[in-house]
Amino acid sequence: MRTQVAIIGAGPSGLLLGQLLHKAGIDAVIVERQSPDYVLGRIRAGVLEQVATDLLDEAGVGERMHREGLVHTGFDMLFNGQRHRVDLERLTGGKKVMVYGQTEVTRDLMAARAAAGLPTVYEAANVQVHGFDSTAPYVTYDKDGQSQRIDCDFIAGCDGFHGVCRASVPRSAIKEFEKVYPFGWLGLLSDTPPVHHELIYANSPRGFALCSQRSHTRSRYYLQVPLTDKVEQWSDDAFWAELKLRLDPEAAEKLVSGPSIEKSIAPLRSFVTEPLRFGRLFLAGDAGHIVPPTGAKGLNLAATDVKYLSNALTEFYAEKSEAGINHYSEKCLKRIWRAERFSWWFTSIMHRFNDDPIMGKLQEAELDYLMHSEAGLKTIAENYVGLPLDFGGR
């Protein structure tokens, strides 16, 4: 098989890249080691920045998002038993965020790709990338007992943190930065109405909590838990009881509990790969970076990686220019490190670390300052809604 771009990974970043390239008249084949149902079964983020929603519109898959997604103009921060609202719209000159689950984004992109008859290979075994340090890269995989090969001009590594693409780069050519946090998020999804019409981020003496949502009837809640905890230790009743203890009295009284649809524990880490380009191989999304979910940046960063990469590849084919692909890594990393900084900072002020009393007091003092400072509120708001793509220049 021959194509212009071979995309490894059929998560939202790979599917979005495929859709944008299709719109630009560039051929691409997507290779995914899991089944479509498995990909859709991943429960992930649900807050989209304006840049991400604009990109989904550009890709022609934004209709259902605008119809079913929830526009949020602010969120609450809870500490010392009191909630304080961060008015995103006022503080950023009218910017907002969209609550629309990553699963739904993936579903919309899958449907668009199927409707256009574009090739996606699911359940591909033993996927390998070859020759990306030359002008003739190719991908091999096994399917239905047969070995297959895709020759291409470029390979896009959209296959996540544990994927083959980053792992195939020589260790001498890559530098990795990582911080692993001493706790995880226990998440519960339920068909219950959200406790509040906007998100609540809670800093409690018992640990962090987040009240999020997917729709007016489906809620997503999180609790900070030790990395040693197992999902099996947490019954639904235990989860709801602990969540109430971390909320203010009004929210605790309004909380509607119910059976969980899904429950899991996710460790928190900050991780960045430098560079993101290796000859004809590009890393995008979780293949190149991970952020703690506190700042809701993971899917949004993946979307902007894809924006830069699709623009670069379109420029290469339309104008025979390599300027875009030469600057891809530099552009992405500037934005990535800004998002990593915000996610690390937001995580550090909202979570409890090792029951250290002085840290708890310092967090409360910082949060009190931020909530009573216009400059502090604006810093939170402009980072939360997402910095412009051209922020600070190239």
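Amide H contacts of Arg44: Gln102, Thr103, each under 5 Å away and 5 or more positions distant or on a separate chain (H built 1.01 Å from N in the peptide plane; Pro and chain starts excluded). Taking the longest Cα principal axis of the chain as reference, the axis of helix 357-371 is set at about 80 degrees. Dipole magnitude for the stretch 44-115: about 220 debye, using +1 per Lys or Arg Cβ and -1 per Asp or Glu Cβ, origin at the Cα centre. Subtracting the Cα-Cα distance of Gln148 and Ser321 from their residue separation scaled by 0.36 nm leaves 59.2 nm. The shape of the stretch 1-151 comes out prolate: with a ≥ b ≥ c from the C-alpha gyration tensor, a/c is at least 1.5 and a/b beats b/c.
Between the beta carbons of Arg341 and Thr140, assuming R0 = 45 Å, the FRET efficiency works out to 0.70 to the nearest 0.05. Cα gyration tensor of the stretch 171-275, axes a ≥ b ≥ c as square roots of the eigenvalues: rounded (a/c below 1.5), prolate (a/b > b/c) or oblate? Because a/c hits 1.5 or more and a/b exceeds b/c, the stretch 171-275 counts as prolate. Of the peptides 266-272, 163-169, the order by per-residue mean of other Cβ atoms within 10 Å, starting with the highest, comes out as 163-169, 266-272. Candidates Gly41, Met1, Val61 compared by Cα position along the dipole of the stretch 1-91: farthest toward the positive end lies Gly41, with charges placed on Cβ. Other residues within the sphere of radius under 14 Å centred on the Cβ of Gly11, judged by their own Cβ, net out at -2 (K and R +1, D and E -1). So what's the angle, to the nearest 10 degrees on a 0 to 90 scale, between helix 102-115 and the longest Cα principal axis of the chain? For 102-115 against the chain, the angle is about 30 degrees.
Report the charge-dipole magnitude of the chain in Debye, nearest 20, computed about the Cα centre from +1 at each Lys and Arg Cβ and -1 at each Asp and Glu Cβ. Each step should come with its number before you reach the end.
Details: 44 positive and 50 negative charges, 74 e Å.
That gives the chain a dipole magnitude of about 360 debye.
If each DSSP helix of 4+ residues adds -39,500 (n - 2.57) and the sum is divided by the residues in the chain, what number results at 222 nm, nearest 500 deg cm²/dmol?
After summing the helix terms and dividing by the residues of the chain, the value is -11500 deg cm²/dmol.
On full extension, the segment bounded by Gln82 and Thr217 gains 46.1 nm, given 0.36 nm per residue less the C-alpha separation. Between the amide H of Ser204 and those of Ala209, distances stay under 5 Å, these residues lying 5 or more places away or on another chain, with hydrogens modeled in the peptide plane. Each residue of the stretch 305-317 is assigned a 3J(HN,Hα), and the resulting list reads 3, 5, 4, 4, 5, 5, 4, 5, 5, 4, 5, 4, 6 Hz, derived from the Karplus form 6.51 cos²θ - 1.76 cosθ + 1.60 (θ = phi - 60°), x at Gly and Pro. Each of Asn311, Ser212, Phe161 was placed along the dipole of the chain (beta-carbon charges, centred on the mean Cα), and the one lying farthest toward the positive end is Asn311. 3J(HN,Hα) along the stretch 203-220, derived from phi through the Karplus expression 6.51 cos²θ - 1.76 cosθ + 1.60 where θ = phi - 60°, amounts to 9, 10, x, 8, x, 5, 9, 9, 9, 10, 7, 10, 6, 6, 10, 10, 10, 10 Hz, with x in place of Gly and Pro.
Extension gain for Ala252-Asp390 works out to 45.5 nm (0.36 nm per residue, less the C-alpha to C-alpha distance). Among the listed pairs Lys179/Lys230; Lys230/Lys297; Lys263/Lys297; Lys96/Lys230; Lys143/Lys179, those with a Cα-Cα distance over 30 Å are Lys96/Lys230; Lys143/Lys179. Evaluated with a Cβ-only charge set (Lys, Arg +1; Asp, Glu -1), the stretch 127-271 carries a dipole of roughly 280 debye about its Cα centre, given to the nearest 20. Close amide-amide hydrogen proximity is noted between Ile261 and Leu189, Ser190, Asp191, each under 5 Å apart and 5 or more residues distant or on a separate chain (H modeled in the peptide plane; Pro and chain starts excluded). With angles folded into 0 to 90 degrees, how steeply does helix 236-246 sit against the dominant principal axis of the chain? Use alpha carbons for both and round to 10. Computed tilt is about 60 degrees.
Rule-based calculations on the coordinates, nothing more; no lab input. None of the values given here were measured: they were computed from a predicted structure. Counting neighbours? That spans all protein chains shown, and the Cβs are built from the backbone with ideal geometry, glycine included.
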